[in-house]
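Here the structure is laid out as structure tokens; the discussion comes afterwards.
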Amino acid sequence: MLTLADFERDALETLMAYGAIPCISPTYDADWVENGHLEAAMGLLADWARARRLARFEVMIQRLEGRTPVLVVTVEASGASSGTAVLYGHMDKQPPLGDWSDGLAPFSPTRVGDRVYGRGLADDGYSTFSALLALEDLEASGTPHSRVIVLIEASEESGSPDLDAHLEALAEHLGDVRFMVCLDSGALTYDRLWVTSSLRGIVNFNLTVKVLSRGQHSGAVSGVAPSSFRLLRRLLDRVEDASTGEILVPSLRAEIPDAHVAAAAATAAEFGDVTLTDLPLVDGVRPMGSDAAERILRSTWYPTLSVVGMGGVPEPAIAGNVLRPYTTAVLSFRLAPTTDAHEAARALVSALSTDPPEGASVELDNFQIGDGWMAPPLQPWLAEALGEASSYAFGREAGFTGEGGSIPFLASLASRYPRAAFVATGVLGPDSNAHGIDEMLDLPSAVGVTNALGHLLGAFCAEDESA
Ligand SMILES: [Zn+2]
């Protein structure tokens, strides 16, 4: 079993060096090729991988024209199973977002106690280390494992636009994929293995309402030229109830399966009002939802709209009395796990662009669309192995929970290998702040997930040999 001291000795230095590289995902770094940060980080991870103590393995960086690279580590089977297990992670990062707290910075990783702070350490830089240390530990202890392919991509935070092409190119090499573990998901606590039971889908795009070809003195023209902001509000009212936040477009509404309603109630009973834990609500702000269980469902199944950016709007300090020519809002819709994201996008386009208010020019562009995912029923060996893996690594039963975020490629990966058993897990727990400021990796939890992963790989090999 891997200990924290093992992790510190074998991985921490390289993990910290990785943390210092601003390898931001291509969507947020248009010059990523020239900047070379993704390449630098790929090289660092590949070098670390090559130094692993594994019997038979190969490290390769796959490159495809015009796409981000992927790291592919192929570890040959030490057991008699014939199937392949794929371990997925990513190494591209979100941008810093804003000012980090005193003493912390996005690209100067800092250890405080058993936590390390830095962009991309938990989402999802730890995955390369976890995957290969789990295999090293298995081989050291003589536990057989199947052929395992560790796949670390570099476009996840941009919606994985390059992953399908890489999977296509790797199809033959991957072989008969029978087990997949995604190491990029969340955890409700740090005391057990958390398995993701669902993820929400996502539809993002820019909505621009334009009323003038250039800005005009607001004293002269307001009251005659309509305000682009007001018309934007009217458009948003078509899709969201401004008083409740309820999404009004029928194809974005979904039935929540009974099992997921019951699971939310059980989680609330065991862990309390988990969605409010560490939520930095300003004094006096009332949370949405009537109780803990409803809030879990609201954050994992309800469709929602967040306006995540605005354009055409000056900062307050330089705002003159101008009727601005246009307003752009960056709309981010989360969808229920079972909603067809492309159908939802079509319905949103139709609702927002049909019959524009006051004849304004309405443009929608920059679409990012990703399906949600609902875990299929667990195969019996896997249900048993997950429980054992969590007890082995954490001394506690595994937990199962829906996630409010999205991992868009999961649905396509799952449909590419429909027969494969599938687990999504991760270290993104309370205060880990993925995508926010002060992103944090809880080291003991990374070690726990590594040990649990090793157990799962051993169990898969045993199951696959007997199948
Ligand atoms: Zn991630």
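Would you work out the charge dipole size for the chain about its Cα centre, treating the Cβ of every Lys and Arg as +1 and the Cβ of every Asp and Glu as -1, and quote it to the nearest 20 debye?
Numbers: 31 positive and 62 negative charges, 207 e Å.
Dipole size: approximately 1000 debye.
Length gained on full extension, Ala225 to Ser101, computed as 0.36 nm times the residue gap minus the Cα-Cα distance: 40.2 nm. Ranked for footprinting exposure by Cβ neighbours inside 10 Å, fewest first, Lys210, Lys93 give Lys210, Lys93. Rounded to whole numbers, the Karplus 3J(HN,Hα) couplings from phi for segment 387-404 are x, 5, 4, 5, 4, 4, 8, 10, x, 9, 4, 5, x, 10, 8, x, 10, x Hz, using 6.51 cos²θ - 1.76 cosθ + 1.60 with θ = phi - 60°, and x at Gly and Pro.
Summary of packing: across the peptides 260-271, 298-309, the per-residue average of other C-beta atoms within 10 Å ranks them, highest first, as 298-309, 260-271.
For segment 162-266, the ratio of Cα radius of gyration to the globular rule of thumb 2.2 N^0.38 Å stands at 1.83. Extents of segment 63-151, largest first, come to 52, 40, 13 Å (Cα atoms, principal axes, whole angstrom).
Phi angles of segment 299-307 translate, via the Karplus equation with coefficients 6.51, -1.76, 1.60 and θ = phi - 60°, into HN-Hα couplings of 8, 10, 10, 6, x, 9, 10, 10, 8 Hz per residue; Gly and Pro are given as x.
How big is the equivalent ellipsoid of segment 249-355 along its three axes, where each semi-axis is √(5λ) from the Cα gyration tensor, reported in whole Å from largest to smallest?
Values for segment 249-355, descending: 33, 23, 9 Å.
I'd like the FRET efficiency for Glu168 and Met1, computed as 1/(1 + (r/R0)^6) with the beta carbon distance as r and R0 of 30 Å, rounded to 0.05. It would help to have the intermediate numbers written out before the result.
Working: r = 38 Å, r/R0 = 1.25.
FRET efficiency, Glu168 to Met1: 0.20.
Of the beta bridges in the chain, as assigned by DSSP with both residues counted there, near 65 percent are antiparallel. Peptides 100-109, 398-407, 12-21 ranked from most to least packed give 398-407, 12-21, 100-109, packing being the mean of other C-beta atoms within 10 angstrom over each peptide's residues. Sequence-ordered 3J(HN,Hα) estimates for segment 72-78 from the Karplus curve with 6.51, -1.76 and 1.60 and θ = phi - 60° stand at 10, 10, 9, 10, 5, 4, 9 Hz, glycine and proline given as x. Taken as Cα centroids, segment 139-179 and segment 289-311 sit 32 Å apart, rounded to the nearest whole angstrom.
Taking amide H positions as modeled 1.01 Å from N, with prolines and chain starts lacking one, the residues under 5 Å from Val195 and 5 or more places away or on another chain are Gly399, Phe400, Thr401.
In a fully extended conformation the segment linking Asp176 and Glu358 would gain 59.8 nm over its present Cα-Cα distance, using 0.36 nm per residue.
For a distance above 44 Å, tell me the whole-number percent of Cα pairs in the chain that qualify.
Working: 16727 of 108811 pairs.
Everything past 44 Å amounts to 15 percent.
Only the Cβ atoms of Lys and Arg (+1) and of Asp and Glu (-1) were treated as charged; on that basis the dipole of segment 14-158 about its Cα centre amounts to roughly 480 debye. Amide H contacts of Met310: Val330, each under 5 Å away and 5 or more positions distant or on a separate chain (H built 1.01 Å from N in the peptide plane; Pro and chain starts excluded). Under 5 Å from the amide H of Met180 lie the amide H atoms of Val86, Ala421, Phe422, Val423, each residue being 5 or more positions distant or on a separate chain, with H modelled from the backbone and absent for Pro and chain starts.
Can you give me the relative contact order of the chain as a percent, contacts being Cα pairs under 8 Å and 6 or more apart? Please report the intermediate quantities before stating the final value.
Numbers: 979 pairs, mean separation 119.6, N = 467.
Relative contact order for the chain comes out at 26 percent.
Each peptide in 140-146, 52-58 receives the mean, over its residues, of other Cβ atoms within 10 Å, and ordering these scores from highest gives 140-146, 52-58. Relative to one another, the C-alpha centroids of segment 339-387 and segment 392-432 are positioned 19 Å apart.
One chain, two ends: Arg52 and Met288. Fully extended at 0.36 nm per residue, the span grows by 80.1 nm beyond their Cα-Cα distance. For the chain, adding -39500 (n - 2.57) for each run of n ≥ 4 DSSP H residues and dividing by the number of residues yields -10000 deg cm²/dmol at 222 nm.
Taken together, the values in this text are just the output of simple stated rules run on the coordinates, not laboratory data. Every value quoted in this text rests on a predicted model; they were computed, and no experiment measured them. Every residue, glycine among them, receives a Cβ derived from its backbone with ideal geometry; neighbour counts consider all protein chains shown.
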